[in-house]
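Laboratory data are not the source of any read-out in this text; all were calculated from the coordinates shown. Keep in mind that what you see is a predicted model, and the values were worked out from it rather than measured. Glycine gets a Cβ as well: all are built from the backbone with ideal geometry, and neighbour counts include every protein chain shown.
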Amino acid sequence: MLEVTDLAYSYGTRNAVRQANFSVHQGECLGLLGPNGAGKTTTISCIVGLLSEWEGNLSLNGAEFRPAKRQADRGKLGFVPQELAVYLNLTAEENLNLFAKLHGLGRQERQRAVSEKLELAGLADRRRDLVGTFSGGMKRRLNLVAGLMHSPELVLLDEPTVGVDPQSRNHLFEMLLKLKSEGVALLYTTHYMEEAQRLCDRIAIMNEGTVVATGTPSELAEDAGESNADLEQVFLKLTGRSLKDI
Ligand SMILES: Nc1ncnc2c1ncn2[C@@H]1O[C@H](COP(=O)(O)OP(=O)(O)OP(=O)(O)O)[C@@H](O)[C@H]1O
Ligand SMILES: [Mg+2]
């Protein structure tokens, strides 16, 4: 579905992404795993179109993908930023209705989507409460579904679980597994190996701007020469560095 080929981006003289090659298929979650500064956020920003002037090639379903330039491409893409992007002084329902409107959904479609997404986020009983009264985890769940109102086929998430309590983290995972089962393609950045192992079908390991290996956790372990290796050992073998140290 999404093909990223030889993606490269520099902030001035700093080569944040040197060579990123990977693909994300329909109904799968690809985990982009790497330490701080590996280039994960930069990669996502290039795909979403927040950064331009990158080199390489991005395509979706075989056609050039340029969400910053084409509304049709934006309609296919859901982006869940790490920072909250919801209004605290509006209710959950009003927030989702607003996002649905911005994506051009008609009245009936909107009502259906708002109810469905409130249900998905486990917030149906809080629909008429101001978001400012929500816990951090509830705000995160709302933030996630706010990016899904237009039913995108590809969803990019940049460390959506940072600062989230374990219960809401579990709920987020369940939401993502449900999306996957509906055929949505997910690209998920994290530096938590346990998360990658639990949620992702395949993992792309990124180090110093380069995707150094891609595969299922067991393929990566085999490539590292140890079929029982966990992702931490694979990472150490591939990069000479430990994920935990960084
Ligand atoms: N706006 C910026 N201007 C200059 N350099 C930047 C900027 N944003 C990121 N960088 C640099 O680019 C490199 C990649 O950063 P990036 O944020 O993509 O990494 P990351 O893998 O998302 O890290 P983290 O796990 O900390 O979120 C780092 O060396 C970082 O210092
Ligand atoms: Mg980042």
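General observations
- A simple spin-label model places pseudo-atoms 7 Å from Cα toward Cβ; at residue 241 and residue 178 they are separated by 3.7 nm.
- Average 1/r across all pairs of distinct alpha carbons in the chain, invert it, and you get the Kirkwood radius: 18.6 Å.
- Placing a pseudo-label 7 Å from each Cα along the Cα-to-Cβ vector at residue 89 and residue 57 gives an inter-label distance of 4.9 nm.
- Distance (nanometres) between label positions extended 7 Å along Cα→Cβ at residue 116 and residue 129: 2.5 nm
- Here 114, 48 are placed in order of increasing Cβ neighbour count within 10 Å, fewest first, which gives 48, 114.
- Reducing region 1-27 and region 69-130 to their Cα centroids gives an inter-centroid distance of 29 Å.
- Region 138-162 and region 178-223 have their alpha-carbon centroids 18 Å apart.
- Taking 129, 6, 158, 73 and counting other C-beta atoms within 10 Å, the order from fewest to most: 6, 129, 73, 158
- Percentage relative contact order, region 74-216, counting C-alpha pairs under 8 Å, at least six apart: 28 percent
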